[in-house]
Amino acid sequence: MQHIGAREFAALLAGADALASTATSSVALPLLLDVREPWEVELASLRADGLVTVNLPMSEIVQRIGELDPARPTVCLCHHGMRSAQVAAFLEQRHGFASVTNFTGGIDAWSVEVDASVPRY
């Protein structure tokens, strides 16, 4: 499993945005799989142009695994990075996902390091 921090993810988004503005074709960003509970997502969310986010709580992963594409690069996000690391390992080791990355530090790190307008909880 790979890991990415908040600043690295921000740079990835900025790089994709820059490439998209100069290229004739769109740049594919990874799927952001938010494994937090819906009430957590309502409190604080990571939003960016062109970024597809799916909220699939950790407790529902097993039942809803068919909604995810194992071939699509996926970044797993939670509050601090613990649940997302468990889900990323599960997807990679038990379901053969080709490219899964854990968002180290979670939405809290995003708020502290990148976007202070995202509430901390």
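The values are calculated or read from the model by the stated rules, or taken from the named source; none is laboratory data. Everything numeric in this text was worked out from a predicted model, so none of it was measured. All Cβ positions, glycine included, derive from the backbone under ideal geometry; neighbour counts span all protein chains shown. Heads up: the accessible areas ignore ligands, DNA and RNA and are worked out on the full protein's heavy atoms, side chains in. Shrake-Rupley method; radii C 1.70, N 1.55, O 1.52, S 1.80 Å.
Ignoring ligands, DNA and RNA, what percent of the 1.4 Å accessible area of the chain is carbon and sulfur? Carbon plus sulfur share of accessible area: 54 percent. For the chain, the solvent-accessible area with a 1.4 angstrom probe is 54 square angstrom per residue.
Each of 100, 81, 50 was placed along the dipole of the chain (beta-carbon charges, centred on the mean Cα), and the one lying farthest toward the positive end is 100.
With the simple spin-label model, which puts each label point 7 Å out from Cα in the Cβ direction, the residue 7 to residue 54 separation comes to 3.1 nm. When 37, 42, 113, 8 are compared by accessible area of protein heavy atoms, the largest-first order is 42, 8, 113, 37, using a 1.4 Å probe. For the chain, a/c is not less than 1.5, where a ≥ b ≥ c are the root eigenvalues of the C-alpha gyration tensor, and a/b does not top b/c. That puts it in the oblate class.
Within the shell defined by Cβ-Cβ distances under 13 Å, the residues around residue 83 carry a net charge of -4, with Lys and Arg each +1 and Asp and Glu each -1. Relative to the Cα centre, the charge distribution of the chain, modelled as +1 at Lys and Arg Cβ and -1 at Asp and Glu Cβ, gives a dipole magnitude of about 200 debye. Of all stretches in the chain that contain no trypsin sites (Lys or Arg not before Pro) in a DSSP loop with at most 15 other Cβ atoms within 10 Å, the longest one is 48-119.
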